[in-house]
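What follows is a set of notes on a single structure, which appears directly below.
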Amino acid sequence: RDDGGVLVGMLHRLVDDGRRRLLLEELRRSRSQLAEAQSIARLGSWELLLEPREVTWSQGMYDVLGVDPLTFVAGPDEFVAMMVEGDRERAEHNWKQIGAGGGERVIDVRVRRGDGEIRWVRAVGELLERAADGRPLRFGGTVQDVHELKQAELDLLDAVEINTLMQFLATAANEASTFDEALASLRDLLLAHPDWQRGVAFDVTANGPVFHPVSDVDPMTPTAYETAVAVRALASGNAVFEEDWVPEHPMIG
């Protein structure tokens, strides 16, 4: 403009945008490959910035949990709320350890997906950045669906438990002169093991299993849960592993 403010000329600058477009295309391709890889691995990634608070979830996170990114509020509290009640305390303790630093933390928990299905997931978390005064500032990690792998692991543990039970049963039978003595001895052996908390017995009748007191001193009457597992064991003719009804108290019938 001249001294009077009148427009007297214009200058245009032309810039080759090819490099920028290539970089953007590479970024889009990388993101697409990452999303595809996470989908194949049934894995999602997350990041949490505390100041200002910002939560970032990959599409894989929503897919693993079976929730809609348009309606589901992402965050650590919301993730814990999807866990079965028996796993939440461990997860909260694990989160505190992540906040204290010290490297990567891994925990396997059961979550109830948006469709109601309960599946095992492996959550990995780590403190990534601290503020200048040392306070935790940024966290990151992954969540992966490991249900089949975990189920195979649990099946192996179940086989070990059955083997232990059968060994206890053989020992009790060898040391007893009556069936009731064998039952009492078996229960004593079971309850001496740290993984076993209760042991109840049933007689098989035409009307189904009927409670059989093992001890007059401590009859330990069965709960509805234990009776239902006994009914299933009798109906199937095989050992029954009940781990979903009351996840914090799995049972063998």
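The values are calculated or read from the model by the stated rules, or taken from the named source; none is laboratory data. Computed from a prediction, not measured in an experiment: that's the story for all the values here. Cβ atoms come from the backbone with ideal geometry, glycine included; neighbour counts cover every protein chain shown. The accessibility values were calculated without ligands, DNA or RNA, using every heavy atom of the protein model including side chains. Shrake-Rupley method; radii C 1.70, N 1.55, O 1.52, S 1.80 Å.
Of all complete DSSP H helices in the chain, those with a Cα span along the helix axis of 27 Å or greater and a mean Kyte-Doolittle hydropathy of -0.5 or more are 147-175.
Taking Cα centre as origin and charging only the Cβ of basic (Lys, Arg, +1) and acidic (Asp, Glu, -1) residues, the dipole magnitude of segment 74-166 rounds to 380 debye. Here the label points at Val210 and Ala159, each 7 Å from Cα along the C-beta direction, are separated by 3.8 nm in the simple model. Under the simplified labelling scheme, the Gln97-Leu169 pair shows an inter-label distance of 3.6 nm, with each label point 7 Å from Cα along Cα→Cβ. Annotation note: GluC sites (Glu not before Pro) in segment 157-253 located in DSSP loop regions with a Cβ neighbour count of at most 10 within 10 Å are Glu248. The stretch between Asp218 and Val73, if pulled fully straight at 0.36 nm per residue, gains 47.2 nm over its current Cα-Cα span. Accessible surface of the chain, 1.4 Å probe: 54 percent of it comes from carbon and sulfur atoms. In terms of accessible area, using a 1.4 Å probe and ignoring ligands and nucleic acids, Glu89, Glu47 rank largest first as Glu89, Glu47. Figure note: Arg1, Arg138, Arg42 ranked by solvent-accessible area, largest first, 1.4 Å probe, ligands and nucleic acids not counted: Arg1, Arg42, Arg138. Take every Cα pair under 8 Å whose residues are at least 6 apart in sequence, average their separation, divide by the length of the chain, and the relative contact order is 11 percent.
In µm²/s, what is D for the chain at 25 °C and 0.890 mPa s, where D = kT/(6 pi eta Rh) by Stokes-Einstein and Rh is the Kirkwood radius from Cα pairs?
105 µm²/s
Would you mind getting me the FRET efficiency between Phe179 and Ser236? Use the beta-carbon distance for r and R0 = 25 Å, nearest 0.05. Efficiency, from the Cβ-Cβ distance: 0.65. Residue separation of Glu129 and Ser30 scaled by 0.36 nm, minus their Cα-Cα distance, works out to 33.2 nm of gained length.
Could you sort the peptides 51-61, 142-152 by per-residue average Cβ neighbour count (10 Å cutoff), highest mean leading? Mind dumping the intermediate values first?
Working: 51-61: 14.8, 142-152: 16.8.
By packing density, highest mean first, the sequence is 142-152, 51-61.
Under the rule of at least 5 residues apart or a separate chain, name every residue whose amide H is placed under 5 Å from the amide H of Met82. Result for Met82 returns nothing. Which residues does the label zone of Arg53 cover in segment 134-170, counting backbone N under 19 Å from a point 7 Å along Cα→Cβ? Residues 135-141 fall inside that zone.
Applying 1/(1 + (r/R0)^6) with R0 = 22 Å to the Cβ-Cβ distance of Arg90 and Lys150 gives a FRET efficiency near 0.95. Its relative contact order, with pairs defined as Cα atoms under 8 Å and 6+ residues apart, puts segment 71-167 at 18 percent.
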